[in-house]
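Just so you know, all these numbers are worked out from the coordinates, no wet-lab data involved. Please read all numbers here as calculations on a predicted model, not as lab measurements. All Cβ positions, even for glycine, are placed from backbone atoms using ideal geometry, and neighbour counts span all protein chains on display.
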Amino acid sequence: MINMKSIALIGFMGSGKTTIGQILGKELTYPVIDVDEQIEKKTNMTIKKIFETKGENWFREKEGEELNKWVDQNVIVSTGGGIITKEQNRNQLKEQFNTIWLRTSFEEIMKRLAGEQDTRPLWRKPVEERRQLFLDRESLYKQVAHYIIWTDGRSQDEIAQEIINLL
Ligand code: S3P
């Protein structure tokens, strides 16, 4: 292991952060924290409900608070795709985590998220707006990632193994 920092998985919706986080947790025997799940548990609301009633900014604040808790804890943190929209979160990911970007092409994301507009409020948009969101986010993931792993056409076990070999 390079150092004692927690591992953060970042990437667009549908890039596999949650599932790969779980595989890594099992293999490395590290606790796995899913930021979305923690927020849902603590607020007793679904992400969809939070976006509808509290708004995106409120959700972003919660994401930041959650991320902050797991610095130097030796855990794997699966983040939500938009965590990098806040500068403070980007700084934290860059400086205080081993941050791994699960990079996936837009075409692949489109396939994986077909029919998931209901659980992912930010995906409920016309295709050109989805593509713009994707492109805007790419540069933010790039800013904070220590490692980039392409996920297109690869199994989740393969990806997890590649991450383990990196660490
Ligand atoms: C979001 C991604 C979602 C969830 C919320 C907002 C985003 O997480 O946090 O719907 O802004 O990209 P996943 O990346 O796990 O889908």
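Annotations for the structure displayed:
- Residue with peak Gaussian network fluctuation, the chain [Cα springs, cutoff 10 Å], from 105, 78, 15: 105
- Of all the options 140, 28, 102, the one that moves most in a Gaussian network model of the chain with Cα springs shorter than 10 angstrom is 28.
- Within the chain: Cβ-based charge dipole about Cα centre, in debye rounded to nearest 20 (Lys, Arg +1; Asp, Glu -1): 240 debye
- Gain upon complete extension [residue 52, residue 96; 0.36 nm per residue less C-alpha separation]: 12.7 nm
- Placed amide H near residue 81: partners under 5 Å, 5+ positions off or other chain: 13
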